[in-house]
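Below is one structure; the comments refer to it alone.
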Amino acid sequence: MDKNQATGLILFAAVILVYSLFFASDPEPVTEPQTSKSTQVQSKETDEDDFTEFEADDQTDSIKSKENLQKFGEFSSLTSGVEESFILENENIKVTFSNKGGEIQRVEVKGFKTFDQQPLILFDQNSGDLEYEINTRQGKIGLNELFFEVRESTTEVEGVEINQLIFTANVGSGSLERVYGLPASGYELSHKVQGKGMDALVSDDILTLNWRSELKKLEEDMEESRRKTYMNYYTRGEDYDYLTTGDSEDAQQIGEPLKWVAFKQRFFTAGIIAENQFNNGNLAQETPLDASSVKNMYATLSLPLNEEVSYYFGPNNYKILKQVTPEFDNNVDMGYVFVSWVNKYIIVNLFHWLEKFFDNYGVIIILIVFIIKLFLLPLTYKSYIGMAKMRVIKPEIDELKEKYGDDQTKMQQEQMKLFSQLGVSPISGCLPMVLQMPFLLAMFFFFPNSIELRQESFLWAHDLSTYDSILNLPFTIPFYGSHVSLFTLLMTLSQIAYTHFNNQLTTAQGPMKNIGYIMPVVFMFVLNSFPAALSFYYFVSNMVTFGQQALIKQFVDDSKIREKVEESKAKNANKKKSKFQMRIEQAMKAAENKKTEPKKRKGKQK
């Protein structure tokens, strides 16, 4: 203890001593115990206070009762009760209901977990509302404010046993029922609101459904989740459409009947399907500025009383959704029309067939590559032969360039003539590659939307449905991100190697020869944040293509190709020009004449 600390302690002790001698208060007098009389008085006062409180409560209840009577009319007797929870459950979903409103409170999808391994909840009353409204003589009231009696039942529909929960509200001589049905398996929940003897209580037979849901984060990549989350709908006019997928708000008032509406997320969908139709609907969605939810969605639908609907709470599995209702499979994005057929009729079936034999999805991707490449091998072979023919006639093409280099029109005409004589097509090497493009583009849509790959690991990738980050950067590179995907790097390197090998087989020069090195780098930026499965597929595809061409090269002799070219040259020496060639030459001459006409006019003016 130093000098300053010791001085402080002494002064503090002196202050305490002075205070205790001169300023301490006298001891408090001892309080005598209360007599029984005082206790009785106090008790009497308490009783009077309690009576006053009870009287006030009675007045409050009376006022509330009058308000309920004015608002709910004969339904006012249903506004009080004790809330309880009830559950309908099968092997795929677990649905929790409340007797207050007879409404869905929570839906859990079994067999799946969120990215942080929590139960996967597609709907929860804490982050959404689901309410039906009826038009009574007093006005519109929500069923969520009424208490229902509950009973369980079973029924059979087309040989399938259905477990039911029936919520009943008896009103005067009528009754209102909400009937839910769930089979032993599947993701569909049937529901019907039906009234009996309600004519004197309601003003019409129209129900209004209000559905609001804050879609919680289910996947690790929030940015990708928001891109893949939007509202889909299908009209009775057989028109499928969706609200815009951008970050801005969007709303749509649908004046025509609707068949279904879906809150579609990347891998899961919550949707409602009418047995016949919804009369109309108001749909809206918004993206919050913070990360409280992926998107917020709102749907107001009008439907007739006694109209049966079904809810779908489940995965975006193409084969499952296809069985739900027409066009409901659009909740899985299979790509544009010219590539969607590849996914729907080839890739999906091939993928599910391989699933029967293999449980490692990395192996399944490799096998898909080999099967597709084997199927496309004839096109690959034709492409190689076409490039080989162009390579062996390169000396003749170089001669034409030296002779007609300054006259492009004449150069092109002579090239066409040369190709005809030698039996060579300049597009023979490119056309087979173009025919393979639908398969390459189909994968661009299939893998990012394939729920089968969700949370499936392979090698260093912990989840094939998202990017495989091997290095997180302390900064963000524009158009690239703040992480490094190894599969994307491998894909880029393999594409550059393939381009180098391919350039040895072609006659391309200048910019066309170098563009093959630029494209892989561009795709490295584009695909860095895409699912690892996609980059891995392209990497394996590049390596197999590289191997195919190296193998074909071993069996294709350029000297033999040259012999065939010479045979064609001799055979076609006196061959007349085809109508197609004549039309091309005429078009080229017309284009050349248009170029020379302005020059002639200028000469005359001078």
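The values are calculated or read from the model by the stated rules, or taken from the named source; none is laboratory data. Fair warning: this is a prediction, and the values are worked out from it, not measured in the lab. Glycine gets a Cβ as well: all are built from the backbone with ideal geometry, and neighbour counts include every protein chain shown. Each accessible area value is taken on the protein alone, full model and side chains, heavy atoms only, with ligands, DNA and RNA left out. Shrake-Rupley method; radii C 1.70, N 1.55, O 1.52, S 1.80 Å.
Taking region 154-233, which GluC sites (Glu not before Pro) meet the DSSP loop condition and have no more than 11 other C-beta atoms within 10 Å?
Glu158
Near the amide H of Ile93, under 5 Å away, which other amide H atoms are found, from residues 5 or more places off or on another chain, if H is placed in the peptide plane?
Lys110
Under 5 Å between amide hydrogens, which residues at least 5 positions from Lys217 or on another chain qualify, with H placed 1.01 Å from N in the peptide plane?
Val294
Determine the distance separating the Cα centre of region 130-163 from the Cα centre of region 267-328; give it in Å without decimals.
Value for the Cα centre distance between the two parts: 19 Å.
I'd like to know how region 71-170 sits against the 2.2 N^0.38 Å rule of thumb: what's its Cα Rg over that expected value? Numbers along the way, then the final one.
On the way: Rg = 16.1 Å, N = 100, 2.2 N^0.38 = 12.7 Å.
Normalised by 2.2 N^0.38 Å, the Cα Rg of region 71-170 equals 1.27.
Using +1 at the C-beta of Lys and Arg and -1 at the C-beta of Asp and Glu, which of Ile141, Gly181, Gly128 has the Cα lying farthest in the positive direction of the dipole of region 118-201?
Ile141
First measure r as the distance between the Cβ atoms of Asn360 and His483, then evaluate 1/(1 + (r/R0)^6) with R0 = 41 Å and state the FRET efficiency to the nearest 0.05.
E between Asn360 and His483, to the nearest 0.05, is 0.95.
Between the alpha-carbon centers of region 335-372 and region 514-567, tell me the distance in whole angstrom.
21 Å
Return an integer: the convex hull volume of the alpha-carbon atoms of region 192-249, in Å³ per residue.
Numbers: hull volume 9.8 nm³, N = 58.
In region 192-249, the Cα convex hull volume per residue is 169 Å³.
Over the residues of region 84-239, compute the C-alpha Rg and express it relative to 2.2 N^0.38 Å.
Cα Rg divided by the expected 2.2 N^0.38 Å: 1.19.
Using the Cα centre as the reference, give the magnitude of the dipole from point charges on the C-beta atoms of region 160-299 (Lys, Arg: +1; Asp, Glu: -1; all else neutral), rounded to the nearest 20 debye.
So the magnitude is around 320 debye.
Please give the charge dipole size of region 164-226, origin at the Cα centre, charges +1 on K and R Cβ atoms and -1 on D and E Cβ atoms. Round to the nearest 20 debye. Working shown, then result.
Details: 7 positive and 11 negative charges, 78 e Å.
In total the dipole reaches around 380 debye.
What is the magnitude of the charge dipole of region 191-253 about its Cα centre, with +1 placed on the Cβ of each Lys and Arg, -1 on the Cβ of each Asp and Glu, and no other charges, expressed in debye to the nearest 20?
Computed charge dipole of region 191-253: roughly 360 debye.
Which whole-Hz couplings ³J(HN,Hα) result when phi for each residue of region 156-161 is put into the Karplus expression 6.51 cos²θ - 1.76 cosθ + 1.60, θ = phi - 60°, listed in order with x for Gly and Pro?
Computed from phi, the couplings for region 156-161 are 10, 10, 6, x, 10, 6 Hz.
Please tell me which of these pairs span more than 32 angstrom C-alpha to C-alpha: Lys196/Lys217; Lys403/Lys564; Lys216/Lys322?
Table pairs above 32 Å Cα-Cα are Lys196/Lys217.
Sequence-distant or interchain residues sharing an amide H contact under 5 Å with Ile206, placed H: which?
Asn135, Leu305
At a probe radius of 1.4 Å, what is the per-residue accessible area of Val160, in Å² to the nearest 10?
We get 70 Å² for Val160.
Compute the distance in nm between two label points, each set 7 Å from the Cα along the Cα-to-Cβ direction, one at Asp290 and one at Gln164.
The modelled label-to-label distance comes out at 4.5 nm.
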